[in-house]
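Worksheet for the structure shown next.
The values are calculated or read from the model by the stated rules, or taken from the named source; none is laboratory data. This is a predicted model, so every value here is computed, not measured. We place every Cβ from the backbone using ideal geometry, glycine too, and count neighbours over all the protein chains shown. Remember, those area values only see protein heavy atoms, side chains included, never the ligands or the DNA or RNA. Shrake-Rupley method; radii C 1.70, N 1.55, O 1.52, S 1.80 Å.
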Amino acid sequence: MPRKGRTDRSRSAETRVPDGIPRQQGFFEDVFDIVRQVPAGRVTTYGAIAACLGSRLSARMVGWAMNASHHAIPEVPAQRVVNRNGMLSGKHHFPPDRPMETLLRMEGVDVADDRVVDFKSRFWDPGQELAL
DNA sequence: TTTTTGACGTCGC
DNA sequence: CGCGACGCCAAAA
């Protein structure tokens, strides 16, 4: 199909549907989709998601995508995504009314000192689960 | 359009 | 064992 004169990059402004709902923007969708598949009470890491996407993407992109997760639909449980240390690195980015730590505790994940307790057990590998 | 940043990860010193 | 620098790709300014 013939590509219009504009570049693919500039579709950002056009990716918005008339309803006002921002459509998932490429790479973001992949990240959101994986995060949404993370079961409650479980956590995953940026690197795991990045690896699941093909390792070609850096873990940074995952974090960057999560930044957009706030306006993503449906809501993305970003609280279940932590760094490889199990630290709630993004808690500072959560709404004050709903701290990341609180959300995790609510799901049954014990958090102490901004770290997931027994992170290893709580870890949910998207690459392994989604490989089915 | 180019430049900077970004909720990380891994290698190096 | 602790701290520093680089890399990765994409989006926002």
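Quick notes on this one:
- Condition check for A:Arg98: part of a helix (DSSP H, G or I) and either hydroxyl-bearing (Ser, Thr, Tyr) or surrounded by 10 or more Cβ atoms within 10 Å (Cβ to Cβ) (or both): no
- Restricting the range A:61-78 to residues that are of a type outside the set (A, V, I, L, M) and more than 11 Å from the chain's Cα centre (by Cα), the residue that is most open to solvent (accessible area, probe 1.4 Å): A:His71
- Flag for A:Glu129 being more than 13 Å from the chain's Cα centre (by Cα), surrounded by 11 or more Cβ atoms within 10 Å (Cβ to Cβ) and modelled with pLDDT of 90 or more: no
- Subset of the range A:33-51 [open to solvent by 20 Å² or more (accessible area, probe 1.4 Å) and assigned to a strand (DSSP E or B)]: none
- Residue match in the range A:104-120 (condition: under 21 Å from A:Asn67 (Cα atoms), assigned to a helix (DSSP H, G or I) and modelled with pLDDT of 90 or more): yes
- Hits in the range A:54-101 - residues which are among the small types (Gly, Ala, Ser), more than 7 Å from DNA strand B (Cβ to nearest atom) and under 21 Å from A:Pro39 (Cα atoms): A:Ala65, A:Ala68, A:Ala72, A:Gly86
- Within the range A:79-95, being of a type outside the set (S, T, N, Q) and open to solvent by less than 50 Å² (accessible area, probe 1.4 Å) holds for A:Arg80, A:Val81, A:Val82, A:Gly86, A:Leu88, A:Gly90, A:Phe94.
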